[in-house]
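A quick write-up on the structure given underneath.
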């Protein structure tokens, strides 16, 4: 039986526990990107695709996701500008899946309004944001 994995202690956790020297740890440089890549693998790949089935009050947001050997969580950001304002969960993609299409239906749109959206994918190596796309609710 494998013992449960424990999360590494962060500087914040050490400081909260009253460990002496925690402030010194906070000043230590971050590990190089190559070290993080070796420990966690590569970040996921994501391509935001065009919205489909665009209607007056709803649309389907699409993305192509490559998890790069790790489970990846997919969500979409959507709103009237590149500040987005709303996040919609789209689910998870398994580690052994090559590139796969992910889609989520959003409702409550306003007729004639321009919307910006992008896919955001997170795995253990970090978060990747797809490029901004737009559509106009019909």
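No lab work stands behind these numbers, since they all come straight from the coordinates. The structure presented is a predicted model; accordingly, all values stated were derived computationally and were not measured. Here the Cβ positions follow ideal geometry from the backbone for every residue, glycine too, while neighbour counts run over all protein chains shown.
When the strands (runs of 3 or more DSSP E) confined to the stretch 54-100 are screened for residues that are under 12 Å from the mean Cα position of the chain (by Cα) and without any contact (Cβ under 8 Å) to a residue 60 or more places away in the chain, those reaching at least 3 such residues are found at 72-79, 86-93. Could you go through the stretch 108-131 and let me know if any residue there is in contact (Cβ under 8 Å) with a residue 12 or more places away in the chain and in contact with a helix residue (DSSP H, G or I) (Cβ under 7 Å, 6 or more places away or on another chain). Yes, there is a match, as at least one residue in the stretch 108-131 is in contact (Cβ under 8 Å) with a residue 12 or more places away in the chain and in contact with a helix residue (DSSP H, G or I) (Cβ under 7 Å, 6 or more places away or on another chain).
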